[in-house]
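A.B. asks: Would you mind keeping the following structure in view while I ask a few things?
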Amino acid sequence: QTIISLGVTLGLVPEGDEEAVAKNLVDDIAANDWHLNVGIVGVKYLLPTLSKLGRTDVALMIAQQRSPPSYIYMVEQGATTMWETWTGTTYQPTASWNHIMFGANSEWYYKHLAGLNLAPGTRGWQHIDFHPRVWSAPASASICANLSSVEASVATPRGLAAAAWSCPTDATCGDAPENSNLELSCLDGQLISSVDFASY
């Protein structure tokens, strides 16, 4: 999982091979009972790679796993920080209780799930790309069956940038700071049904 994720992130996948690479990655995750199988290097890239390859549905399955190795397992064992290992309990620690390296994938939640991104080639959050990955590659399946809504915000030098969407109404919205541009986008075949605009 780490090797494939790094290969995709570094742009090493030959053009036209993305679908085969995505299948190999998903097959490995399925062989691990829909769990991640990465360490501190791969954990940063696995979920974003799945979303980039059109498989946010699989990334969400990993994020929502309750049995170890998983984030929810840590929480259900009483964790209030990121642990160094995927197992253990607050009563029987096996390693450090404060190991933020496993939290490196947190940007996936606001960039890919909420869809709040700094537009490529820009800086300072003056140009914002709102593109939530609600739809996945297989038959353009929605992730709404497993996630009903998302809200996220980022403190930027220009002010708070926020994004949200909800199911089943498929309502989406994005808020950009003053003097910023917000670009809305979705997959081919999908549409943005309405836009409310306010400038002050």
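A.B. asks: Would it be correct to say that THR89 is over 30 Å from ASP129 (Cβ atoms) and open to solvent by 50 Å² or more (accessible area, probe 1.4 Å)? Step through it out loud before you land on a result.
C.D. replies: Working: over 30 Å from ASP129 (Cβ atoms): yes; open to solvent by 50 Å² or more (accessible area, probe 1.4 Å): no.
No, not satisfied.
A.B. asks: Within region 140-177, count every residue that is touching a Gly at 6+ places or on another chain (Cβ under 9 Å), of a type outside the set (A, V, I, L, M, F, W, C), open to solvent by less than 50 Å² (accessible area, probe 1.4 Å) and at pLDDT 85 or above.
C.D. replies: Going through region 140-177 one residue at a time, the tally reaches 1.
A.B. asks: Any idea how many residues of region 5-42 are more than 23 Å from VAL134 (Cβ to Cβ) and hydrophobic (A, V, I, L, M, F, W, C)?
C.D. replies: Qualifying residue count, region 5-42: 9.
A.B. asks: Here is a further query. Of the conditions (1) open to solvent by 70 Å² or more (accessible area, probe 1.4 Å); (2) over 24 Å from SER166 (Cβ atoms), VAL75 fails just one. Which one is it?
C.D. replies: All conditions pass for VAL75, except number (2).
A.B. asks: Can you tell me which residues in region 68-109 are small (Gly, Ala, Ser) and touching a helix residue (DSSP H, G or I) at 6+ places or on another chain (Cβ under 6 Å)?
C.D. replies: First, the residues of region 68-109 that are small (Gly, Ala, Ser): 70, 78-79, 88, 95-96, 103-104, 106.
Answer for region 68-109, where residues must be small (Gly, Ala, Ser) and touching a helix residue (DSSP H, G or I) at 6+ places or on another chain (Cβ under 6 Å): just ALA104.
A.B. asks: Would you mind listing the helices (runs of 4 or more DSSP H) fully within region 1-110 where at least 1 residues are at pLDDT below 90?
C.D. replies: Numbers: elements: 2-9, 18-31, 42-52, 56-63, 71-76.
Per the criteria, 71-76.
A.B. asks: Going by the structure shown, is TYR73 over 30 Å from ASN181 (Cβ atoms), aromatic (Phe, Trp, Tyr) and within 19 Å of the chain's Cα centre (by Cα)? Please lay out each step first, then the result.
C.D. replies: Numbers: over 30 Å from ASN181 (Cβ atoms): yes; aromatic (Phe, Trp, Tyr): yes; within 19 Å of the chain's Cα centre (by Cα): yes.
In short, yes.
A.B. asks: Related question: For the list (1) among the polar types (S, T, N, Q); (2) over 21 Å from ILE143 (Cα atoms); (3) touching a Lys or Arg at 6+ places or on another chain (Cβ under 9 Å), I need the number of the one condition that THR87 fails.
C.D. replies: (3)
The values are calculated or read from the model by the stated rules, or taken from the named source; none is laboratory data. Owing to the predicted nature of the structure, the values given are computational and were not obtained by experimental measurement. Using ideal geometry, Cβ is built from the backbone for each residue, glycine included, and neighbour counts are taken over all protein chains shown. Only protein heavy atoms, including side chains, enter the accessible area calculation; ligands, DNA and RNA are left aside. Shrake-Rupley method; radii C 1.70, N 1.55, O 1.52, S 1.80 Å.
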